[in-house]
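Q: Here it is, the structure, as structure tokens.
The values are calculated or read from the model by the stated rules, or taken from the named source; none is laboratory data. These numbers come from a predicted model, not from an experiment. Cβ sites come from the backbone with ideal geometry, for glycine too, and all protein chains shown count toward neighbours.
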């Protein structure tokens, strides 16, 4: 029963997300909306990183040094390359390597 509920919820979630692409995929976005939409990705990444760095177990705390170093490395890469995927390709391995050595 639990698996059936999970499958139904997953299918509904997928359907809702896919419906936006199906409904709006062939339409062009108004020019006044293009600028703000370009900032959605960076804002979402900043929110995820902020919550990862500054909250632990539901409480606000300082950033772990390894995570902060990885974020700084990714920030430097994204500023130089203007490519978010390149930043992730650098930031994640830095975080993994520092965690592996116990930093």
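Q: Can you say whether residue 7 is part of a helix (DSSP H, G or I) and under 18 Å from the mean Cα position of the chain (by Cα), as far as the supplied structure shows?
A: no
Q: Please work out if residue 49 is at pLDDT below 90, outside the structural domain of residue 68 (by TED's automatic domain parsing) and either closer than 30 Å to residue 95 by Cα or surrounded by 10 or more Cβ atoms within 10 Å (Cβ to Cβ) (or both).
A: Here the answer is no, as residue 49 does not meet what is asked.
Q: Of all helices (runs of 4 or more DSSP H) completely enclosed by segment 10-103, which ones contain at least 1 residues that are in contact (Cβ under 8 Å) with a residue 24 or more places away in the chain?
A: Result: 40-54, 65-81, 84-100.
Q: Out of all the residues in segment 72-88, is one or more on the phi < 0 side of the Ramachandran plot, modelled with pLDDT under 85 and out of contact with any helix residue (DSSP H, G or I) (no Cβ under 9 Å at 6 or more places or on another chain)?
A: No, that holds for no residue.
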